[in-house]
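Rule-based calculations on the coordinates, nothing more; no lab input. Everything numeric in this text was worked out from a predicted model, so none of it was measured. Positions of Cβ are backbone-derived with ideal geometry, glycine not excepted, and every protein chain shown enters the neighbour counts.
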Amino acid sequence: MAAVSFHDIRKAYGKVKVIHGLGFDIADGEFVVLVGPSGCGKSTLLRMLAGLEEISGGEIRIDGKVVNDLESKDRDIAMVFQSYALYPHMTVRENMAFSLRLRKADSKTTEDRVANAARILNLDPLLDRYPRELSGGQRQRVAMGRAIVRDPKVFLFDEPLSNLDAKLRVAMRAEIKALHQRLKTTTVYVTHDQIEAMTMADRIVVMHDGIIEQIGTPLELFDRPGNLFVAQFIGSPAMNVFAGTVRGGSVEALGARWPLPAAVAAVARDGQAVQYGIRPTDLQLAERGIPGQVVVVEPTGAETELLLQLGDSQLILVMHGRTTALPDETVHLALDAEKAHVFDGVSGQRLG
Amino acid sequence: MSGRSRFTLRAVGREAQLLLVGIPVLLWTLIPIYHLVIFAISERDTATKGYLWPPSPTLQNFNIVLQQKHFFLNHFWVQLGNSLFIAIAAGAITLLVATLAAFSISRLKVRGGRTVMNLALFTYFIPAAFLAVPMYKTMATYGLLNSRWSLILAMVTIASPYCIWVLKQASDKLPWELDEAARIDGATPMQLFRLVYVPLMVPSLVAVGTYALLLAWNEYLYAYLLLSDERSFTLAVALGHFLSADDSPWELLMATGFIYALPPAAIYYAFKRYMVSGLTAGAVKS
């Protein structure tokens, strides 16, 4: 186990810069998720940590030691790939034992470690099968088994669940999280799926265009997104965001007046252009309030999702339980001012 | 109903087209073999008389060949041995060279690898016959003339570019993550080659090795040029020598030819599963 630190990391392919000097620390035993849209540099960052990409600038330390010039095999890391990357000509047992075989570990140690990993992951009955005889979820477990056998300082996951179907993904998500709680190995996990990030991470690093937008625990990012990008990226369905202008302690937008949180009211200038954000779950239907027209009602059982037309924008409202509202009806919206998120209209940075 | 009959008609038409191509190709292939067999089992005086089937078929010719009981066949076993040795050595060396080259170019991404491959392929722009004399001079310079190694080296030179190209195309299709996983698992490039790359390339390796082996086995021009002593001839050259007499013993030539054709047939039969998948595997980039 070990801490990992990134210091002023840069990556360029020729003249194209993809990572522009970013730094953060990962504590020993922490589960950190790098999340962002495709092309944001999250995989590149992970691959630099793995030693699969050269580092154009900056320093990466594992357990206090600079690893920039170390080969992958000398960094004491294990990686799980999106495509599993199992050796097709080896059985599950041989796949898991491969790294120990390369290190010339004695057969007793190898056997024990493989047996131990197989027990943790319920792979015992599959040990003598070949990868082609396994389902997607089983293959992914073997890939994790291969990582566990190594007993590395750091686990790296590169979108490990993207090839699985939705149901299996949820199951494997829980399995990986349980595995981390059991082994407590420092883990860096890359995904583009913010739900994976929210459910698994101790801390999330939100990346976009080669920079870090925000670092924080899942609930910090959800409750206090630092900028417009994070606000819209984290949360599902995504936060409702629309442009407005501050006037007399509230925001004029979509033909209505929206309340400002106290902290924002204290700093916002009159006439300032802002982006006003409110999560679908923080909007409520009320007797009186801001009027909107129902476009679609989507009951999902426990919750009901309403798509509403306000001015030229469409807002989503998620409510517990059910509603009698019908399409084309006018309903009224209420919200708690403190639940609103207000961002500067120009910089997109959070106000208050 | 009408749609169904039209479909059947089209299927028949398609079948007819295939047959139209297939039957000539089949005849083209079988007629020489038919002649080879007819000659080989005919007695000397009936061989050239034009019978569709010899009046008294005999295996006497094979007996003569195997016991070296003819002027042209004095060194039959030595020459067969030469052919085998040269073909196997050329196949093995080509395979080694081409596999290592393809691995370096495709998997290790050695700088300049593409250029090397293109240059090697470029040699095919010059017909092998044009290179025969320079090759002869080169072998003379190194004192290799009349040695089996001259032909082996020449065949490796000729076979390698194509083999490298086929293997490189096949290697490119192996997933990159396997190399990365192996590197993280602690594999050195040689371990990667031995434990991951070669086992996964077996079908292509068999196809390419067989190609090089048969190329050397079938070679006539270079063998004729580089080997001048009867005891160092390959069987192909020895067969050519049958025609140097006015009254060539055709029945013995064909009997020897029949024996000469057996090893390639056996190899094709043994490896046909790999041949088809291997040769097409490198053909298209999918």
Problem - Sole residue being closer than 26 Å to A:ASP8 by Cβ and touching a Lys or Arg at 6+ places or on another chain (Cβ under 9 Å), chosen from A:MET200, A:MET207 - result: A:MET207
Problem - helices (runs of 4 or more DSSP H) enclosed by the range A:94-207 - at least 3 residues per element that are of a type in the set (Phe, Trp, Tyr) - result: none
Problem - Test: residue in the range B:44-67 that is closer than 30 Å to B:ALA170 by Cβ and more than 21 Å from the chain's Cα centre (by Cα) - result: no
Handout entry: Filter result for the condition that a residue is among the charged types (D, E, K, R) and under 27 Å from A:MET319 (Cα atoms), over A:ASP270, A:ASP223
Key = A:ASP223
Practice task
Filter the range A:60-86 down to residues that are within 14 Å of chain B (Cβ to nearest Cβ) and surrounded by fewer than 17 Cβ atoms within 10 Å (Cβ to Cβ), then give me how many there are.
Solution key: 3
Exercise for the section: Scan the range B:163-207 for residues that are β-branched (Val, Ile, Thr) and either within 12 Å of chain A (Cβ to nearest Cβ) or free of Cβ contacts under 8 Å to residues at least 24 places away in the same chain (or both) and report the count. Expected result: 5
Problem - From the options B:SER228, B:SER232, residue that is assigned to a loop (DSSP other than H, G, I, E, B), away from chain A (no Cβ under 14 Å) and crowded, with 19+ Cβ neighbours inside 10 Å - result: B:SER232
Completion exercise
the range A:1-53: strands (runs of 3 or more DSSP E) wholly inside it with 1 or more residues that are of a type outside the set (S, T, N, Q) and at positive phi are A:4-13, A:16-26
Practice task
Specify the residue that is farthest from the other protein chains (Cβ to nearest Cβ); the eligible residues are those in the range A:92-124 that are crowded, with 18+ Cβ neighbours inside 10 Å and among the polar types (S, T, N, Q).
Solution key: A:THR110
Practice task
Check off (1) closer than 30 Å to A:LYS65 by Cα; (2) among the basic types (Lys, Arg); (3) in contact with a Pro (Cβ under 7 Å, 6 or more places away or on another chain) for A:ARG132 and give me the number that stays unchecked.
Solution key: (1)
Practice task
Sort through A:LEU156, A:LEU164, A:LEU127, A:LEU168 and tell me the only one that's surrounded by fewer than 23 Cβ atoms within 10 Å (Cβ to Cβ), within 17 Å of A:ALA85 (Cβ to Cβ) and of a type in the set (A, V, I, L, M, F, W, C).
Solution key: A:LEU164
